[in-house]
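Student: Below is one structure. I have some questions about it.
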Amino acid sequence: MKVQVKLNQSFKFLKVETKWYQAVFVLMFSLVLFSCETYKPPKEEGTVFNIWVLNEGLWNGNNGSITAYNTFTNEKMADIYTSANGGRQLGDLPNDMLLYGSKVYVAGSTSSQIYVIDSETGVLIKQLPVMLNGTGSQPRQIACHNGKVYVCCFDGSVVRIDTVSLLIEATAKAGRNPDGICVANNKLYVSNSGGLDYPNYDTTVSVFDLNSLTEIKKITVRMNPTLMKTDKKGNVYVVSNGNYGDVSSCLQRINSSTDKVEKVFEMEVSRFDIYNDYLYFYTQDYLSGTTSYRILNLLDDNIINGSFISDSDIPKVPNGINVNPNTGDVYIFDALDYTSTGDVYCFDNNGKKKFKFEAGIIPKKAIFK
């Protein structure tokens, strides 16, 4: 302890000649030690925004945005991208956002653009149009691995971006209307939803070799696969949305060693995120207007009883969920009426609300620094 070292050094030069001085010094020394033991470092100061929230905005409204927030000071910037780029808008329907290295990658779906942004300042570094034969590819979801960024697009294509040159260096073909992407066991997995072919949805997940970006195989899953994530063991979890009628949604686990579905969880899952050995998810019942918040233990495949939210203040219309890997706090995004600005809720490990702040229109995802 620095304080003790300084005091010990002072002892070499201090000559206490009376008991009165000794008593005073002992008292002062005790106070210093007590202060050291109960000292708590202050919260981080400044305007370092350690959370960015992606807001989808309105279709054809060109009002997508990124809300930046400092969890230590509660400072907020409503749209760090527009502020840092001279009023320039993020585009139409940004669908996903990824922090990789010192850059943030945003997939602008309707705009058919990939925005590469400085993760500290919000300044646009490069904008990459994603086109196929002159038509916008509608990029949807983003993944990263070994210095490359991969984007699945609704037109069926998958593109690979080199993070040094910031150029699209390869394009491949997946299935119909890919809507999820992740990397596991040195392979790329893309969920083919077939979302534009209602009621004839797709039922496959494409597996790609990362080096050649060629499709190795297709895995058959339940109808309309979308969101995908991996756990720390390399398993791939994918939600299939069904047909929003007599075929309900479910969660499936793909073994990335065998590339086979090894487990189907017969439960409806709207959105989910994975933290350590737990899968946090919520299920929206659109008929009743209610939402349940649950946790799946990935070690034994059992649902932990009860809601993981114990607070009375909960989102009205949840539109996404992320767990902060640095703290374990759970963030849920409230779209409210899908036309005005939404809210971001943060819950601690006990399910109590830590804070809430206003974001942009239709908040859907966060990245954490």
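The values are calculated or read from the model by the stated rules, or taken from the named source; none is laboratory data. Worth saying up front: this structure is predicted, and the values here are computed from it rather than measured. All Cβ positions, glycine included, derive from the backbone under ideal geometry; neighbour counts span all protein chains shown.
Student: Which residues, taken from segment 312-351, are assigned to a loop (DSSP other than H, G, I, E, B), closer than 30 Å to Gly61 by Cβ and over 13 Å from the mean Cα position of the chain (by Cα)?
Tutor: Asp313, Ile314, Pro315, Lys316, Val317, Ala335, Leu336, Asp337, Tyr338, Thr339, Ser340
Student: Against the definition (in contact (Cβ under 8 Å) with a residue 12 or more places away in the chain, within 15 Å of the chain's Cα centre (by Cα) and either surrounded by fewer than 17 Cβ atoms within 10 Å (Cβ to Cβ) or closer than 16 Å to Asp96 by Cβ (or both)), how does Lys364 come out, yes or no? Outline the logic, then answer.
Tutor: Working: in contact (Cβ under 8 Å) with a residue 12 or more places away in the chain: yes; within 15 Å of the chain's Cα centre (by Cα): yes; either surrounded by fewer than 17 Cβ atoms within 10 Å (Cβ to Cβ) or closer than 16 Å to Asp96 by Cβ (or both): yes.
In short, yes.
Student: Counting only residues that are touching a Pro at 6+ places or on another chain (Cβ under 6 Å) and either surrounded by fewer than 18 Cβ atoms within 10 Å (Cβ to Cβ) or over 18 Å from Tyr237 (Cα atoms) (or both), how many does segment 271-293 have?
Tutor: 1
Student: Which of the residues that make up segment 296-348 are loosely packed, with under 15 Cβ neighbours inside 10 Å and of a type in the set (Gly, Ala, Ser)?
Tutor: If the condition is that a residue be loosely packed, with under 15 Cβ neighbours inside 10 Å and of a type in the set (Gly, Ala, Ser), then Gly306, Ser310, Ser312, Gly328, Ser340 are the ones that fit.
Student: Report yes if some residue within segment 82-92 is under 16 Å from the mean Cα position of the chain (by Cα) and at pLDDT 95 or above; otherwise report no.
Tutor: Looking for residues that are under 16 Å from the mean Cα position of the chain (by Cα) and at pLDDT 95 or above, one finds none in segment 82-92, hence no.
Student: Quick check on segment 241-259: of everything there that is among the hydroxyl-bearing types (Ser, Thr, Tyr) and in contact (Cβ under 8 Å) with a residue 40 or more places away in the chain, which residue is nearest to Ile142 (Cα to Cα)?
Tutor: Top of the filtered list is Ser256.
Student: Within segment 158-188, count every residue that is touching a Lys or Arg at 6+ places or on another chain (Cβ under 8 Å), at positive phi and crowded, with 21+ Cβ neighbours inside 10 Å.
Tutor: The total comes to 0.
Student: Here is a further query. If you take the residues of segment 47-56 that are in a loop (DSSP other than H, G, I, E, B) and out of contact with any Pro (no Cβ under 7 Å at 6 or more places or on another chain), which of them is surrounded by the most Cβ atoms within 10 Å (Cβ to Cβ)?
Tutor: Phe49
Student: Among Thr71, Thr67, which is among the β-branched types (Val, Ile, Thr), touching a residue at least 60 places away in the same chain (Cβ under 8 Å) and in a strand (DSSP E or B)?
Tutor: Thr67
Student: Here's something else I'd like to know. Could you check segment 207-220 and list, in sequence order, the residues that are within 24 Å of the chain's Cα centre (by Cα) and either closer than 18 Å to Gly194 by Cβ or buried (at least 20 other Cβ atoms within 10 Å of the Cβ) (or both)?
Tutor: Across segment 207-220, the qualifying residues are Val207, Phe208.
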